[in-house]
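Shown next, in structure tokens, is the structure this report addresses.
The values are calculated or read from the model by the stated rules, or taken from the named source; none is laboratory data. Worth saying up front: this structure is predicted, and the values here are computed from it rather than measured. As a convention, Cβ positions derive from the backbone with ideal geometry for all residues, glycine included, and neighbour counts pool all protein chains shown.
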Amino acid sequence: MRIEEARTRHAELVDEIRRHDHAYYVLAQPTISDQQYDRLYRELVDLEKQFPELVTPDSPTQRVGGEPLKEFKSVQHLTPMLSLDNTYSQEEVRSFVSRLQRLLPNETLEWVVEPKVDGVAINLRYEDGMFVCGATRGDGSTGDDITANLKTIRSIPRKLKGRYPKLIEVRGEVYLTKAGFQKLNAERKAAGEEPFANPRNAAAGSLKQLDPRIVARRPLDIVVYGFGAMQDGEGPRSHDQLLDWLKALGFNTPEKTWHCRSADELVRAINELDQLRHSFAYETDGAVIKLNSYEQRERAGFTSKAPRWAIAYKYAAEQAETKLRAITVQVGRTGALTPVAELEPVFLAGSTISRATLHNEDYIRQKDIRIGDTVTIEKAGEVIPAVVDVVLTRRTGAETPFEFPRACPECGSKVARETLGDSGEGAVWRCPNPDCPARIRGRIEHWCSRGAMDIEGGGEVLVRQLVGNGLVRDVAELYSLKVKEVAALERMGEKSAANFINAIPNSKSRDMWRVLYGLGILHVGAGVARALGRSFATLDDVFEAPAERLMEAEDVGEVIARSIVNWRNDPVNRKLVDRLRNAGVNFKSELYRPAAAATGPFAGKTFVLTGTLPSMTREEASARIEAAGGKVSSSVSRKTDFVLAGDEAGSKLEKAQKLGVRIIDEAEFLRMLEG
Ligand code: IVH
């Protein structure tokens, strides 16, 4: 294909994909199937590989940015991002309205009520219609530049639609859907990682990631509801108009708003929203009441931290009080000990609760939670209920403090304390014994779970019996179980035993990534397992690969690679893999896509980039290397053929010198490309 032709096709694809993204992520009305979309997207990726000069910053392929950042830069908002004052009762809402009316006497006041989305406040800056900068609120005047992370959110348009001003700052809330939150936490738990406490923490934690590739995997979304600065353009004159305009520019706006003319109408709207909000995809913690007219807003003005023309109404969290009867400690697959509150059953937000999480030892200590206490439990957005507080006024003195066990309640091994990573408040105790019955049960349940090998019937109850009766000690032993053995278990009918036994051989043909995920290696969640499935032909290849090769798979960084290498270095695990192979479990990956045999001047060569190059970005250089048949790796090893170094090259350059890897500069690189 000639470059002119490629350019035209590129523009067509960019335009088409952008339209589909908007239809899918903003309008929620997809116009083509996922396969059709993937085909278009792949065509674009291939075209850009062939013609790297066509890669424009607004290309949909650039949503998932390149290298992880070292830290976030600070950005100053053009106008401050303020907060809102809170109200908690009808009376407070009424006095807010009267206050405004006194400020603007004899005027008709009109209000808009919209959901208060429980997420992270974000500022998006567009110049000439292009998304150029996105930032957190920070201290209100300066925030963190998280542009690369925000670019991974598909409902944030890279380019505005229709007529737009020269410059505009748009404000909204980035959130994780309730469903996305559940899924993310399930994956984190399955990968042996600490779950997030609620969707807001998960969204905030995701946006704070320095590696946009991790952010891209989190199901984040945005609602916009305001604007900051604007240059050269006629702005809206009311909030109603703003919302219509934002929608026309291509943004997601609040899904329902109410137009009100009196305090009575406001109260009614707030109550209606309270009924509706549970059906929204995102968490809401209140309603926001805003004066509609911008001209009136201007006269109402601001206090130092909040506008006088708007206020938040916060709904009471769904809480209940009950008695804490006992604290038990559960041991998970990874050995983590989780304290669980055993409660006097109480009805809360649609269901009866008798157990709630107490998170970890530090949490119990900080809140001074004692057995026999009356406690407040809360269900934050359909999440597992948690104990949030002690009702101290109900304390009698008969309560007993809880001693966190120093030995595993299942196997008696001495437990070890481990400080948590990125999400972490507190520390977790772990049972170090790999043969702990609780850990064995956890591993087998995980193997049988729907996301992994999908063996029907292999849930908690049956697995407990299988392990308790010594029939199964690891996942390989499932494959030699007999119907008779299972049927002999207590409360186990012939029929369900047969169903379970039949499901086991079916699991042998599952794709390789499920096997890998099912093994429950620390940090290897389903997403990582799938990425490894795309990059490796067989499970044996995965376990034979050195860390550097593992890191060539998408989403696999040093921590994950090290965890896999550690796992397979354990002789017990190696034997387990052999036994699974002998049992006939499939090790081949259906997802595997071998990189087409490379041709070109760099065929078979591996490059590492470091520092700033004089005339091109790293992404451009990478694209050129790949187009010429070479590969780009993120770390220097003996297998590296060239280190392409620019200004301010750091430790990679040092390592290359130490290992004697050839170092080239941009001029030499360009000569090689031509040669
Ligand atoms: S307007 C100057 N509208 O709530 C007024 N804020 O407690 C700026 N929030 O910082 C805010 N949903 O992060 C507005 N529909 C909504 C909102 C909303 C959520 C957040 C926002 C704000 C915080 C104030």
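Figures for the structure shown
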item: Residues within segment 596-627 that are free of Cβ contacts under 8 Å to residues at least 24 places away in the same chain and more than 19 Å from Glu53 (Cα to Cα), tallied; result: 2
item: Tally, over segment 87-144, of residues that are small (Gly, Ala, Ser), touching a helix residue (DSSP H, G or I) at 6+ places or on another chain (Cβ under 9 Å) and assigned to a strand (DSSP E or B); result: 2
item: Unmet criterion (only one of (1) among the charged types (D, E, K, R); (2) under 30 Å from Ser293 (Cα atoms); (3) in contact with a strand residue (DSSP E or B) (Cβ under 9 Å, 6 or more places away or on another chain)) for Arg94; result: (3)
item: Within segment 307-352, considering residues that are under 30 Å from the mean Cα position of the chain (by Cα) and aromatic (Phe, Trp, Tyr), the one nearest to Ile364 (Cα to Cα); result: Tyr315
item: Residue, surrounded by the fewest Cβ atoms within 10 Å (Cβ to Cβ), within segment 171-210, restricted to residues that are within 16 Å of the ligand (Cβ to nearest atom) and more than 13 Å from the chain's Cα centre (by Cα); result: Arg171
item: Residues satisfying the stated conditions in segment 349-389, i.e. polar (S, T, N, Q), at pLDDT 90 or above and either crowded, with 18+ Cβ neighbours inside 10 Å or over 11 Å from Lys323 (Cα atoms) (or both); result: Gln366, Thr374
item: Candidate set from segment 135-152 (those that are within 16 Å of the ligand (Cβ to nearest atom) and either among the charged types (D, E, K, R) or buried (at least 20 other Cβ atoms within 10 Å of the Cβ) (or both)); member that is nearest to the chain's Cα centre (by Cα); result: Leu150
item: Members of segment 300-347 found to be under 30 Å from Gly520 (Cα atoms) and either out of contact with any strand residue (DSSP E or B) (no Cβ under 9 Å at 6 or more places or on another chain) or of a type outside the set (A, V, I, L, M, F, W, C) (or both), listed by number; result: Thr328, Gln330, Gly332, Arg333, Thr334, Gly335, Thr338, Pro339, Glu342
item: Close pairs from segment 2-17: first within 14 Å of Tyr37 (Cα to Cα), partner polar (S, T, N, Q), Cβ under 7 Å, at least 6 apart; result: Val14/Ser59
item: Residues of segment 75-92 that turn out to be farther than 30 Å from Val132 by Cα and within 15 Å of the ligand (Cβ to nearest atom), as a count; result: 5
item: Filter result (over 10 Å from the mean Cα position of the chain (by Cα) and within 16 Å of the ligand (Cβ to nearest atom)) within segment 211-227; result: Asp221, Ile222, Val223, Val224, Tyr225, Gly226, Phe227
item: Complete set of residues in segment 276-296 that are within 14 Å of the ligand (Cβ to nearest atom) and touching a helix residue (DSSP H, G or I) at 6+ places or on another chain (Cβ under 9 Å); result: Phe280, Tyr282, Glu283, Thr284, Asp285, Gly286, Ala287, Ile289, Lys290, Leu291, Asn292, Tyr294
item: Exclusive hit being over 16 Å from the mean Cα position of the chain (by Cα) and surrounded by fewer than 19 Cβ atoms within 10 Å (Cβ to Cβ), set Leu104, Leu124, Leu160; result: Leu104
item: Members of segment 297-336 found to be of a type in the set (Val, Ile, Thr) and within 16 Å of the ligand (Cβ to nearest atom), listed by number; result: Thr303, Ile311
item: Tally of residues being outside any loop (DSSP other than H, G, I, E, B), surrounded by fewer than 21 Cβ atoms within 10 Å (Cβ to Cβ) and hydroxyl-bearing (Ser, Thr, Tyr) across segment 237-290; result: 2
item: Members of segment 559-607 that are under 22 Å from Met453 (Cα atoms) and in contact with a His (Cβ under 9 Å, 6 or more places away or on another chain); result: Ile560, Ser563, Ile564
item: Conditions (1) away from the ligand (no atom under 16 Å from the Cβ); (2) surrounded by 18 or more Cβ atoms within 10 Å (Cβ to Cβ); (3) under 26 Å from Leu609 (Cβ atoms); (4) modelled with pLDDT of 90 or more: number failed by Val132; result: (2)
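Yes/no matrix, rows are residues, columns are (1) over 26 Å from the mean Cα position of the chain (by Cα); (2) under 24 Å from Thr617 (Cα atoms):
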{"residue": "Met1", "(1), (2)": "yes, no"}
{"residue": "Glu5", "(1), (2)": "yes, no"}
{"residue": "Ala11", "(1), (2)": "yes, yes"}
{"residue": "Glu16", "(1), (2)": "yes, no"}
{"residue": "Tyr24", "(1), (2)": "no, no"}
{"residue": "Gln29", "(1), (2)": "no, no"}
{"residue": "Gln62", "(1), (2)": "no, yes"}
{"residue": "Leu84", "(1), (2)": "yes, no"}
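This table checks each residue for (1) farther than 17 Å from Gln330 by Cβ; (2) in contact with a Ser or Thr (Cβ under 7 Å, 6 or more places away or on another chain); (3) among the β-branched types (Val, Ile, Thr).
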{"residue": "Gly459", "(1), (2), (3)": "no, no, no"}
{"residue": "Glu477", "(1), (2), (3)": "yes, no, no"}
{"residue": "Leu481", "(1), (2), (3)": "yes, no, no"}
{"residue": "Val486", "(1), (2), (3)": "yes, no, yes"}
{"residue": "Leu489", "(1), (2), (3)": "yes, no, no"}
